[in-house]
1. Give, ordered by residue number, each residue of region B:227-269 whose 1.4 Å probe accessible area is reduced by a minimum of 40 Å² on adding the remaining protein chains to the chain alone.
2. For B:D95, place a label point 7 Å from Cα along the Cα-to-Cβ direction in every copy; what are the distances to the other copies, in nm, shortest first?
3. Could you name the lysines whose alpha carbon sits less than 19 Å from that of A:K245, not counting residues in the same chain fewer than 8 places away?
4. Loop only per DSSP, at most 12 neighbouring Cβ atoms within 10 Å: give me the trypsin sites (Lys or Arg not before Pro) in region A:37-94, ordered by residue number.
5. Would you rank B:M1, B:M142, B:M46 by solvent-accessible area, highest first, keeping every protein chain in place and using a 1.4 Å probe?
6. Kindly give the distances from A:R141 to its copy-mates, label point to label point, with each label point 7 Å from Cα along Cα→Cβ, as nm values to one decimal ordered shortest first.
7. What total accessible area, in Å², is buried where chains A and B meet, using a 1.4 Å probe and rounding to the nearest 100?
8. With charges only on Cβ, +1 for K and R and -1 for D and E, what is the dipole size of region B:4-79 about its Cα centre, in debye, rounded to 20?
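The values are calculated or read from the model by the stated rules, or taken from the named source; none is laboratory data. Predicted, not measured: the structure shown is a model, and the values here were computed from it. Positions of Cβ are backbone-derived with ideal geometry, glycine not excepted, and every protein chain shown enters the neighbour counts. The area values use the complete protein model at the heavy-atom level, side chains included, leaving out ligands, DNA and RNA. Shrake-Rupley method; radii C 1.70, N 1.55, O 1.52, S 1.80 Å.
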Protein chains: 2
Amino acid sequence: MLSERQLEVVLAVVYDYIQTGEPVGSRTLSKKYLTGRSAATIRNEMSDLEELGYLVQPHTSAGRIPTSRAYRLYVDTILQRRRAPHPEAERWISDLREQRRDVEGALAYISQLLTRVTQYVSVATLAPFQEIRLLRVDFLRMDSTHALAIVVVEGGLVHHKMIAFPCEIRQEELETLSRRINAVMVRRTWNEARNDLLQYVMSELREKEGNCRAAISEMDGLLSAQPFRFYRGGAHHLLAMPDFKDLGRLHAVFSLLEEESALVELVDNCTLNGTLTVTIGEENPEERMHDCSVVLATANAGGRKAILGLIGPVRMNYESSIAVLETVLEGLREDDGSEEEQRHVH
Amino acid sequence: MLSERQLEVVLAVVYDYIQTGEPVGSRTLSKKYLTGRSAATIRNEMSDLEELGYLVQPHTSAGRIPTSRAYRLYVDTILQRRRAPHPEAERWISDLREQRRDVEGALAYISQLLTRVTQYVSVATLAPFQEIRLLRVDFLRMDSTHALAIVVVEGGLVHHKMIAFPCEIRQEELETLSRRINAVMVRRTWNEARNDLLQYVMSELREKEGNCRAAISEMDGLLSAQPFRFYRGGAHHLLAMPDFKDLGRLHAVFSLLEEESALVELVDNCTLNGTLTVTIGEENPEERMHDCSVVLATANAGGRKAILGLIGPVRMNYESSIAVLETVLEGLREDDGSEEEQRHVH
DNA sequence: GCTAGCACTCATTGGCGACGAGTGCCAATT
DNA sequence: AATTGGCACTCGTCGCCAATGAGTGCTAGC
């Protein structure tokens with residue numbers, strides 16, 4: 001357990017290092033943060049803290065740099081205390097409320113807002129689709145052997161897929177198919193629909209029509225795809241950061257940001273625990289993220305459950321990042337129950 | 001006009017510089033490419049070529065580097081002569097034909113293929129939507145005041161938008177609306193539909209129902225949006241290239257790649273002229289692209305008209321980039337008229 | 001337990017010279 | 001007149017060295 005003063009030292013080191021990016025020495029601490037104590041005293045503390053795994057020095061005659069453990073301490077104290085709202089919070093919130101967009105448009109807008117304000121990388125997507133419910137399924141007949149399957153899910157999101165039937169299909173058949181599928185799929189979650197219901201429908205319909213079987217196996221394809229795209233923004237900001245002067249590290253991060261499947265894992269791992277999670281450097285299971293921190297928030301507004309996130313260097317400004325995310329959450333939350341929200345739900 | 005030998009020198013410089021990335025000197029040329037002539041002779045030619053604007057030297061006592069003008073010459077000779085197909089061309093073409101995907105899936109697949117093979121940045125999207133025709137419009141009634149508008153365009157692409165009506169709307173009204181809109185919009189291009197027809201419908205319907213007016217103005221919103229997303233890939237490859245060791249240049253390129261509107265302009269400017277266009281460095285009107293070259297191809301297969309592109313450093317391997325793009329075009333062209341193609345068109 | 005002092009470490013910086021690749025020019029050659 | 005060999009010159013790069021200075025660890029004294 002850390003003493004009161006050790007804690008002070010660790011937090012001061014993190015705070016100063018986040019601002020300057022330079023290793024911080026005992027002198028600086030003594031002058032700027034712990035004016036009561038002399039540099040020598042702080043040197044001793046720092047030496048202890050290094051053994052405890054909170055600080056490291058890049059080389060002998062340099063100041064100390066915080067480890068992820070130190071950042072963790074710092075972030076936890078931030079998360080505990082009440083944060084002052086961002087000065088422009090009011091404006092964003094009203095901006096967000098004015099925007100009358102569909103879900104995709106809203107996510108794109110939010111992603112842009114986040115990256116513009118913070119200068120970090122932003123991601124926005126819909127929450128794990130496993131929990132999102134289907135509202136209805138329609139079939140539009142295109143020609144004698146094709147129909148467009150349209151799946152509407154909670155939050156007004158729509159997915160579609162062109163379905164080819166092995167032989168001709170009439171309008172009435174399509175309507176029957178639609179009624180049956182709706183009867184079993186409506187209000188089920190995406191995953192339920194895929195895992196259980198399609199099996200059930202398939203076995204029930206097996207003997208009847210080859211047409212339906214083919215259609216259903218194509219529907220399965222529709223449901224198995226990652227249904228929601230990621231809205232990313234601001235990746236280029238990383239290039240301007242001194243933390244990423246090393247191209248190798250940049251390469252790792254960028255290759256991950258371009259891999260949709262890696263992003264899915266990123267948000268999957270981080271959102272199980274709560275509403276706002278911070279993953280710092282090596283805490284992230286994905287090695288390519290070891291030089292980055294990820295702040296994720298889940299916006300739970302009515303039918304749509306979104307994940308918003310900011311990705312920056314480990315040395316990122318957690319305080320403002322968290323504040324900005326919370327402000328956006330606030331702006332979305334106020335939508336709840338309002339006219340905008342009810343619009344697409346039932 | 002350049003002499004025969006001057007031409008040889010320019011092409012040799014470009015060829016060697018593309019391979020090595022180092023300024024190339026008279027000695028190298030004399031030994032590797034123009035074995036008949038001595039270094040001194042070539043020095044004189046190079047000096048002339050520098051005055052003519054084909055070569056520059058980064059500093060005295062360094063070799064020469066080609067200018068965009070020299071690259072242009074080089075690329076034009078490549079485009080004129082017949083190119084050998086890529087050794088793996090067969091496999092890609094059959095891969096492409098085996099893929100039974102919808103248009104979006106196909107674009108994503110092609111984008112990945114391009115970047116995997118070339119290690120450059122790839123883009124794929126649908127051609128200027130101004131020319132793409134609407135096939136039909138449907139309305140699905142969601143609740144008493146909402147309907148989902150579904151627009152199917154050539155190539156099986158689907159767009160949708162949730163439409164809110166100012167007051168309640170019945171199923172029959174929707175069907176009437178749908179019939180009317182279809183009557184005037186079907187087989188029109190995206191732009192025609194937006195500019196002329198909606199105006200017409202609006203004025204005709206003005207006196208009848210406020211409901212319809214509201215719906216149509218929302219439809220306008222649907223048609224005014226950039227309808228097709230860009231599939232990008234491989235941006236991180238740029239980080240590994242020695243040409244981009246300067247972070248400032250990288251920053252410019254990346255910020256452009258993240259701006260959808262900039263990408264739209266990029267492909268707009270380049271595809272007016274023909275089937276396969278190469279834009280080299282400063283030839284590009286967009287300043288941020290001055291360190292990159294862009295190879296664009298338009299795939300004109302049946303109902304779907306796609307734009308495929310590769311973006312690399314000015315020093316990119318044009319020969320293989322062009323060959324790869326042409327191979328992919330080949331793979332798509334063979335689809336034409338086949339079962340896959342007819343699938344979504346009418 | 002705290003602090004002042006001191007010796008020590010080590011990354012950074014700037015100056016200096018050697019090196020070498022490449023050029024420009026000129027005189028000699030074909 | 002075109003080509004070529006020779007030669008002086010330029011200039012970026014590399015390695016070396018000494019000076020600098022920030023920061024530490026340790027110890028003795030308060």
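1. Buried by 40 Å² or more upon assembly, which counts only protein chains, are B:R229, B:H236, B:L239, B:L247, B:H251, B:F254, B:E258.
2. Output for B:D95: 4.2 nm, nearest copy listed first.
3. B:K245
4. Loop-located and lightly packed - A:R81, A:R82.
5. Most to least solvent-accessible, the answer reads B:M1, B:M142, B:M46.
6. Values, ascending and in nm: 2.0.
7. Accessible area lost upon association: around 3200 Å².
8. Rounded to the nearest 20 debye, it is 220 debye.
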